[in-house]
Amino acid sequence: MQEIKEWLAGEEKDFVTGLQLFQKYSRNRALILYLVRKQNMDKLVYELEKLSCSSSLKPVIQVKNTRSFVDRVINKKTSLSSDDHDAKEDLSKKISKVNREDLPVDLQQVYDSIADAYKTQRVVHEKMKLAETDEARADIRSELIGLDDLIADGWDQIDAFLAGKTTDTEPPQDVVKQVNSARTYISREIKNFNPEKLDKLLERINLLIEQKASVSEKTREKLIELNVITPESNLLVK
């Protein structure tokens, strides 16, 4: 109980630390998952304040799946820190080590898409620094996830080529564009989900499934949360 009170008394409250405390003492699995997904600081503070008033508060053993899910999201949130931003800057230097002219025409276009995505990431990270609310940060985080998907998919194609794998089985460039466009559409739509656009969203998801293209784990989890897909969906995750 004392550690909760100390966290509540802090002037600068760290969401991850507070979430770990709530997970340690709460038996409410649904609420834990809600806080993990929404990352709502006000709600977390309110729930911890209630726990701090309990006279018989003891650590509880969480369900295994709940613990692993919380840990995964905590890791994803941590990955958006300023330190990781520097790591992403270092990773973007990888593109300078690849000779664009050594790539086939279709992969040159993929290379250009990666370069543009890195530039956009830098702008979005600056937006993240200026965001003042959890809601604003959540929207920006969704945008970063879409860019990460695009970059990862592009490097998979280029790395496969550079490793000497045949490109005969790689999808045509128009399909690559459709897949990247579908990922971008999905990331944008799940930020402000509109049930009236569900059919269009499902079209993009089905395209990814047909092409055996993957999305980030957080994107898939958000789609499940919105009841757009089920946990048994064939939508692949990186």
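Coordinate-derived values only; no laboratory data. Just so it is clear, the model here is predicted, and its values are computed rather than measured. Glycine gets a Cβ as well: all are built from the backbone with ideal geometry, and neighbour counts include every protein chain shown.
Using θ = phi - 60° in the Karplus curve 6.51 cos²θ - 1.76 cosθ + 1.60, the 3J(HN,Hα) couplings for the range 130-146 round to 8, 5, 10, 10, 4, 5, 5, 5, 5, 5, 5, 4, 5, 5, 5, 4, x Hz; x is entered for Gly and Pro. Highest mean packing first, where packing is the average number of other Cβ atoms within 10 Å per residue, the peptides 5-16, 109-120, 44-55 line up as 109-120, 44-55, 5-16.
Here the spin labels are modelled as points 7 Å beyond Cα on the Cα-Cβ line, and at LYS43 and GLU3 they lie 2.4 nm apart. Structure note, pairs LYS129/LYS177; LYS97/LYS218; LYS5/LYS129; LYS24/LYS218; LYS43/LYS197: Cα-Cα distances above 26 angstrom occur for LYS129/LYS177; LYS97/LYS218; LYS5/LYS129; LYS43/LYS197. Extension gain, ASP116 to SER54, is 17.1 nm, computed as 0.36 nm per intervening residue step minus the present C-alpha separation.
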